[in-house]
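Down below is the structure, laid out as structure tokens.
The values are calculated or read from the model by the stated rules, or taken from the named source; none is laboratory data. Just so we're clear, the structure is a prediction, and the values are computed from it rather than from any experiment. For neighbour counting, all protein chains shown are included, and Cβ atoms are generated from backbone atoms with ideal geometry for every residue, glycine included.
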Amino acid sequence: TIYLADFNFLNVEDSRKDAKLIGVGIGATNKLEGVEGIELTFGAKAILANIDDSDRELDSKWFAAVPLMGIIRYTFPPLMFNIPTISIETKLLYAPGALSFGDSEKYSEFRFAADIEMIENVKIYAGYRNIITGFGVGDENNEDYIFSNGFYGGLKFSY
């Protein structure tokens, strides 16, 4: 079993929207027996976020959530000519109303990414993410609000 610590900060700014999200999580990873290269991770994450969106009449909405987290990761077999290790990963997080606090009714997050280990223990990654939270806005309760929807990239460090 390998233990995973996860930290992220997301800042979304444009002319009509200002949103910030910080997340800290832990998980446990094991290899799937009988299938080479697949790892499964289960854990939880603490999320705290603030949204100001003039289009949706969301003025300084705060929410916190403790979503459950599942990750499936596949590492391709080593390639010839010393090509660095390549992996793909899917991450799902979900917090129903019982695990969502503040102005949020629910929280869900989906991510798909690919990475390549350019230097030992340092990976470059790129992917797509979709983060949705539910707010009671206007006449409809539990309306889905897209916090972030798009491509992203960065560096991962492991030890």
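With the requirement that a residue be β-branched (Val, Ile, Thr) and more than 18 Å from Lys91 (Cα to Cα), what does segment 1-48 give you?
Passing the criteria: Thr1, Val12, Val35.
Per-residue answers, yes or no, for (1) farther than 16 Å from Tyr107 by Cβ; (2) modelled with pLDDT of 90 or more; (3) touching a Lys or Arg at 6+ places or on another chain (Cβ under 9 Å):
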{"site": "Asn11", "(1), (2), (3)": "yes, no, yes"}
{"site": "Ile26", "(1), (2), (3)": "yes, yes, yes"}
{"site": "Phe42", "(1), (2), (3)": "yes, yes, no"}
{"site": "Asp55", "(1), (2), (3)": "yes, no, yes"}
{"site": "Asp59", "(1), (2), (3)": "yes, no, no"}
{"site": "Ala65", "(1), (2), (3)": "no, yes, yes"}
{"site": "Gly70", "(1), (2), (3)": "no, yes, yes"}
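Pull out all pairs, ordered by first then second residue, where Cβ-Cβ is under 8 Å, the residues are six or more apart or on different chains, the first lies in segment 69-85 and is without any contact (Cβ under 8 Å) to a residue 12 or more places away in the chain, and the second is among the β-branched types (Val, Ile, Thr) and in a strand (DSSP E or B).
Leu79/Ile86
Tell me, which strands (runs of 3 or more DSSP E) lie completely within segment 79-159 with 3 or more residues that are exposed (fewer than 15 other Cβ atoms within 10 Å of the Cβ) and of a type in the set (Phe, Trp, Tyr)?
On the way: elements: 86-95, 100-102, 104-119, 122-137, 140-157.
In segment 79-159, 140-157 are the strands (runs of 3 or more DSSP E) which contain 3 or more residues that are exposed (fewer than 15 other Cβ atoms within 10 Å of the Cβ) and of a type in the set (Phe, Trp, Tyr).
In segment 30-40, which residues are β-branched (Val, Ile, Thr) and at pLDDT 95 or above?
Taking segment 30-40 first, the residues β-branched (Val, Ile, Thr) are 35, 38.
Result: Ile38, single match.
Of all the residues that make up segment 1-19, how many are assigned to a loop (DSSP other than H, G, I, E, B) and of a type in the set (Val, Ile, Thr)?
1
In the set Ile71, Ile47, Ile51, Ile22, which member is assigned to a strand (DSSP E or B), under 18 Å from Phe135 (Cβ atoms) and under 13 Å from the mean Cα position of the chain (by Cα)?
Ile47
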